[in-house]
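Shown next, in structure tokens, is the structure this report addresses.
The values are calculated or read from the model by the stated rules, or taken from the named source; none is laboratory data. Keep in mind the model is a prediction, meaning the values are calculated, not measured. No Cβ is skipped: glycine too gets one built from the backbone with ideal geometry, and neighbour counts run over all protein chains shown.
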Amino acid sequence: MLIASALTCLVFAVFSGSMFDVSRKNRAAVREYATLLGKIEEMYIGEYDADDLSIAAMRASVYALGDRWSYYMTEQEYLEYINSMNNQFAGIGIGVAVDEETGMMKVLYTYRGSPAETAGILAGDFITEIDGVDLTGFTIDDMRKLLARPIGDTAEVKLLRSEGVVLTLEVVYDLVFSDPISYEMLEMDIGYVSISNFEGGSAEGFISAVNTLIEEGARAFVFDVRNNGGGRVSEMTRILDFLLPEGEIFISVGRDGKEEITISDADMVDMPAIVLVDRYSFSAAEYFAATLQEYDYAQIVGEQTTGKSRSQRTETLPNGGALHISTSQYLTKNRVALFDVGGLVPDHPLVLSDGDFSLHISGNLEKTADPQLQLALGLIK
């Protein structure tokens, strides 16, 4: 009954043109799909969920485009996507792992300004209970599910601290900002800035980091965009505008073939630089590196990137979900589509060993043992 009612509304909307402007071919496809669902409802012997069928159909429709960058999101996935675009996530603001020696849930770090930090949770603490539930034998996913609750609610977290100290703290479940920028001064007054993504807050954080390092005496920079999945064009172009002299920093080509060009102003940061890239430097990350390379502003160290040259828009749908779909192509200053050439080729290729790559992805590769970073430092020296 629910399926039949929903299909009646959908088919009426399609044929009346009140909700969708679709071609005759697409109207025929909707009619065919409506017939298919009607047959399932009439004839299928097993149990099924109508929402599951609908979600699967929408995912499959976008997948059939053959574009890896386009996809359908459910309402919950869309809400999480919005948070990720702002470098936010719902939680208490901790990184945890199951300790190999004890099997207990160990806090590896707390996010700066997070509810966990405010409540007094420290790196090295063991979480033994949440709301009175013993976490013995729990996986990280089990703990996340137990901890999940509406934003603003509290969780009672029991901790075991060093020397056998036991604490019970009230921690708020809230939106936590995950800073995409980290930085430090390395030897020889070389500033190191890591950009984990180009989502909300990345440009402001990057500019602040570079200015701080310059004030501390930085004479050159290493910008690390390895394992960076990209993000917002507006954040990336703001960073490029900050670094580069006047000129073209982003070229977008729409379906009509017309170019839209973003221009930087004349101010710049005039210092030697190296950019680190790897196979997971996608989208804005590889474009950022390619633009600095084409301006002869920075040399590139690492491995060849994957190659992406399409921009996406996100359109909300009546059910609360959303369509994330490629709507334009982008080109570098020299009119290169990175997808067409198979990605950005470094000036100084160096592929990490499997062991080093695993350590780097997990955040456990020490800078002094990082071959790509050490090559970059050697080039600057």
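Mind checking which residues of the stretch 165-180 are closer than 30 Å to ILE207 by Cβ and either modelled with pLDDT of 95 or more or polar (S, T, N, Q) (or both)? Within the stretch 165-180, SER178 is the sole residue that qualifies.
Residues of the stretch 266-316 being touching a His at 6+ places or on another chain (Cβ under 9 Å) and under 15 Å from MET236 (Cβ atoms), which ones?
Residues of the stretch 266-316 touching a His at 6+ places or on another chain (Cβ under 9 Å): 274, 278, 299-302, 312-315.
Passing the criteria: only GLN312.
Just give me the residues in the stretch 206-228 being closer than 27 Å to GLY307 by Cβ and in contact with an Asp or Glu (Cβ under 9 Å, 6 or more places away or on another chain), in sequence order.
Across the stretch 206-228, the qualifying residues are PHE206, VAL225, ARG226, ASN227, ASN228.
For the stretch 293-340, a residue qualifies if it is in contact with a helix residue (DSSP H, G or I) (Cβ under 7 Å, 6 or more places away or on another chain) and within 26 Å of ASP370 (Cα to Cα), and the qualifying residues are TYR297, ALA298, GLN299, ILE300, VAL301, GLY302, THR305.
Filtering the stretch 295-310 to residues that are small (Gly, Ala, Ser) and surrounded by fewer than 19 Cβ atoms within 10 Å (Cβ to Cβ) leaves only GLY307. Evaluated against (1) over 22 Å from LEU344 (Cα atoms); (2) crowded, with 22+ Cβ neighbours inside 10 Å, GLU204 falls short on exactly one condition, (2). Filtered by the rule that a residue be outside any strand (DSSP E or B), over 25 Å from ASP99 (Cβ atoms) and in contact (Cβ under 8 Å) with a residue 40 or more places away in the chain, the stretch 133-180 gives ILE151, ASP179, PRO180.
Whether a residue is outside the structural domain of GLU235 (by TED's automatic domain parsing), modelled with pLDDT of 90 or more, surrounded by 15 or more Cβ atoms within 10 Å (Cβ to Cβ) and assigned to a strand (DSSP E or B) was assessed, and TYR109 does not pass this test.
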